[in-house]
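Take a look at the structure set out below.
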Amino acid sequence: MTRTHRLFQLMTSLRRLPAPVRAVQLADEMGTSLRTVYRDIDTLRGLGAVIDGEAGFGYTLVEDATLPPLGFEDDELEALVLGLRDVAVIGDPALAKAAESALAKLTARVPPRQAHRLQHAILDARRFVRPKPPRIDVATLRTATWEEETVRFSYTDAKGAASTREVDPLGIVYLQDTNMLMAWCHLRRDFRVFRLDRMDDLCRTGQSFRPRRVPMLRDYTARLRAEAVERAEGRAD
């Protein structure tokens, strides 16, 4: 871990953990020694961060000089809190951790009154049935999707049939009880959805399908909407 990355992590921990944060907590969080924590606290103070406290009493980030306040309406803050807390519940482990970190950073950047609203928000998200945990590294899948790179994985369908698929990943949809990949399947030569909890052995192929992801996703979404309308009209008849 580079020194710059360690200092960034320390600031993130000071924002996220309940204040005052004891040095031993910070050392455990970052996997460093107490001596390193004390030295890094002094470095951050020298860079302009206002950190109250001292060894043995804990530390409180009073002001983050590197991050100017953001302007949000109160309802916008409530919406952000609700969305981030829902992601923390339904997202894959990396995404859930990122949601918690984003909320901590947001709290550090808004004015004190709004920071209080974030810390004591009246909205929360609960799911009685959570999606089954994925068996792949979803962060790798997200990266491949953004970079428009074909991926390969093993897949087991609802009937237990196994196959190997190469697909162009278009987007990930988080549903009530499952998470789905929307993709163009090379085997079927058509759009398909794949449950993340039925995917194994994901790897990136290095084969690019740029710049087709956005128009392909738009076409697939339009097809799904048309099929939904057709089903609704059929029920109405």
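The values are calculated or read from the model by the stated rules, or taken from the named source; none is laboratory data. Keep in mind that what you see is a predicted model, and the values were worked out from it rather than measured. When we count neighbours, we look across all protein chains shown, and the Cβ atoms used for this are built from the backbone with ideal geometry, even at glycine. In case anyone asks, the SASA skips ligands and DNA or RNA and just uses the protein heavy atoms, side chains included. Shrake-Rupley method; radii C 1.70, N 1.55, O 1.52, S 1.80 Å.
What GluC sites (Glu not before Pro) in the stretch 27-120 are in a loop by DSSP, with at most 11 other Cβ atoms within 10 Å of the Cβ? Here the sparse-neighbourhood loop sites are 73.
Net charge near residue 211, counting Lys/Arg +1 and Asp/Glu -1 over other residues with Cβ under 15 Å of its Cβ? Around residue 211, the surrounding residues sum to -1. Spread over its residues, the convex hull of the C-alpha atoms of the chain is 193 Å³ per residue.
Both the radius of gyration and Dmax for the stretch 193-237 are 16.0, 49 Å, in that order, over alpha-carbon atoms. The trypsin sites (Lys or Arg not before Pro) of the stretch 114-169 that DSSP puts in a loop, and whose beta carbon has at most 11 other beta carbons within 10 Å, are 126, 127, 159.
For the stretch 142-225, compute Rh as the Kirkwood radius over C-alpha pairs and then the Stokes-Einstein diffusion coefficient at 20 °C and 1.002 mPa s; write the answer in µm²/s, rounded to an integer. Write down the numbers at each step before the final one.
Values: Rh = 13.0 Å.
Answer, rounded: 165 µm²/s.
Take the solvent-accessible surface of the protein heavy atoms, probe 1.4 Å, and return the percent of it on the chain that carbon and sulfur atoms account for. Can you show the working numbers first?
Numbers: 7550 of 14150 Å².
Exposed carbon and sulfur together represent 53 percent of the surface.
What's the angle, to the nearest 10 degrees (0 to 90), between helix 74-90's Cα axis and the longest principal axis of the chain? The angle comes out near 70 degrees. Figure note: 120, 5, 186 ranked by solvent-accessible area, largest first, 1.4 Å probe, ligands and nucleic acids not counted: 120, 5, 186. Bridging of residue 105 to lysines at a Cα separation below 26 Å is possible for 97, once same-chain residues fewer than 8 apart are set aside.
Counting Lys +1, Arg +1, Asp -1, Glu -1, what net charge surrounds residue 30 among other residues with beta carbon under 10 Å of its beta carbon?
-2
Based on protein heavy atoms only, the chain ends up with 60 Å² per residue of surface accessible to a 1.4 Å probe.
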